[in-house]
1. Here are the criteria: (1) modelled with pLDDT of 95 or more; (2) of a type in the set (S, T, Y); (3) surrounded by fewer than 22 Cβ atoms within 10 Å (Cβ to Cβ). Tell me which single one T60 does not satisfy.
2. Among the listed residues W308, W279, identify the single one that is more than 20 Å from W34 (Cα to Cα), among the aromatic types (F, W, Y) and out of contact with any Asp or Glu (no Cβ under 9 Å at 6 or more places or on another chain).
3. Do the conditions hold for D128, that is, is it buried (at least 21 other Cβ atoms within 10 Å of the Cβ) and not assigned by TED's automatic domain parsing to the domain that holds A269?
4. What residue, among those in segment 197-215 that are surrounded by fewer than 17 Cβ atoms within 10 Å (Cβ to Cβ) and touching a Pro at 6+ places or on another chain (Cβ under 9 Å), is farthest from M134 (Cα to Cα)?
5. Residue pairs, Cβ under 6 Å, 6 or more apart or interchain, first in segment 156-180 and more than 14 Å from P139 (Cβ to Cβ), second surrounded by fewer than 17 Cβ atoms within 10 Å (Cβ to Cβ) and of a type in the set (V, I, T). List them.
6. Pull up segment 259-310, narrow it to residues that are small (G, A, S) and either in contact (Cβ under 8 Å) with a residue 60 or more places away in the chain or buried (at least 19 other Cβ atoms within 10 Å of the Cβ) (or both), then point me to the one that is nearest to I187 (Cα to Cα).
7. Only one residue in T174, T218 is surrounded by 21 or more Cβ atoms within 10 Å (Cβ to Cβ) and either outside the structural domain of Y278 (by TED's automatic domain parsing) or assigned to a strand (DSSP E or B) (or both). Which one?
Amino acid sequence: MISTLKARIGALAFAGTIGLAAPAAAEEISVSHWGVTMYGAPYAVAMEKGFFRQAGVDITGILTSKGGGTTVRNVLAGGLPYGEVALAAVIIAIREGIDIKIVNSGVNTVADILWVTMPNSNVKSIKDLVGKKMAITSPKGVADMLSIMVLEASGIPLDQVERPALGSIGAGLTALESGSVQAAGIIDPIWSARKDRYRALFHVKDVLPPMNQMVGITTSEFARAQPQKLRAIIAGRRMGVDYLYANPKESAQIIAKAYNLKPEVMEIAVNNLVAFRYWSRGEFDVKGMNEMVRGLKIIGEVKGEIDWDKIIDRSFLPADLRGGS
């Protein structure tokens, strides 16, 4: 959650002085919520199909983390060459003086996030939430931010919808089923596994403009020391994305094995997200990044403007993906 990132990143100033570990550590990379959310799907495909080796780097495993601040710390203190992390965590880390660079985009949409209600609920639209309860996970977290933005975009004053912070997606769904709230947030692949239990109330992507969630990062030191390895990681991931879009059924089988989930559930989740072009091939959508910054300003996590030219290094992307927008 965004609200805990500052505390997690506070120790990074010391960690950053440790420097990079021996090259053997470069056989692992870090991806936030690996095995839980769909961010990591291209990496599972790329490892299984040998795309990283084909690109020139041997990625043997993914180090998971519970959130963005932890992934940033993994890259710095663990000597890892690369991590995929929430853009919010990167912005906070850089504002804290941490020397990292954004080198590719991971997810340029929030298409995996929606709020659901019970099938027999009389809540049929966002407007019906007036006077009711809409669960979020934590104050100043992503769900808090998105709920505010969605209500504002729908013309609903914030004081007309109660938004209890219940701590987790699971707690929100439990409250929904008990009738304590009338809407709760959910993400894929949880949504694909439980579609028969809930009814979609709204997808965030249908209310808000495109918004960047995830980016790839490295340290400035690693970028200088081993640029070819970094390019190979980004190229291997891109091949994983391309294969996933071209072969969603086989890719779902691969991801299900890596995530220890039922293949039929993963196939639904993959098909959902393929339809939305959920995974970026690496190219940046600066408008979507600015939309995330707008949300962070709303919850008080960012002040002022972000100079992307100082944070983004496009030189590690394949030439055809460097243009951005």
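The values are calculated or read from the model by the stated rules, or taken from the named source; none is laboratory data. Only a predicted model underlies this, so the values are computations on that prediction, with no experimental measurement involved. Methodologically, a virtual Cβ is constructed for each residue, glycine included, from the backbone with ideal geometry; neighbour enumeration extends over all protein chains shown.
1. Tallying (1) modelled with pLDDT of 95 or more; (2) of a type in the set (S, T, Y); (3) surrounded by fewer than 22 Cβ atoms within 10 Å (Cβ to Cβ), T60 fails exactly one: (1).
2. Details: W279 fails: more than 20 Å from W34 (Cα to Cα).
The match here is W308.
3. no
4. R197
5. Q160/V130
6. Of segment 259-310, the ones small (G, A, S) are 269, 275, 280, 282, 288, 295, 300, 304.
Cutting the leftovers down to either in contact (Cβ under 8 Å) with a residue 60 or more places away in the chain or buried (at least 19 other Cβ atoms within 10 Å of the Cβ) (or both) gives us 269, 280, 282, 288, 295, 300.
Working: A269: 10, S280: 18, G282: 22, G288: 19, G295: 19, G300: 24 Å.
Here the answer is A269.
7. Values: T174 fails: surrounded by 21 or more Cβ atoms within 10 Å (Cβ to Cβ).
Within the list T174, T218, the selection yields T218.
Residues are listed down the side, and each one gets a yes or a no for (1) of a type in the set (G, A, S); (2) at pLDDT 85 or above; (3) within 23 Å of Y259 (Cβ to Cβ); (4) part of a helix (DSSP H, G or I):
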| position | (1), (2), (3), (4) |
| --- | --- |
| S3 | yes, no, no, yes |
| L20 | no, no, no, no |
| A25 | yes, no, no, yes |
| G35 | yes, yes, yes, no |
| L80 | no, no, yes, no |
| E84 | no, yes, yes, no |
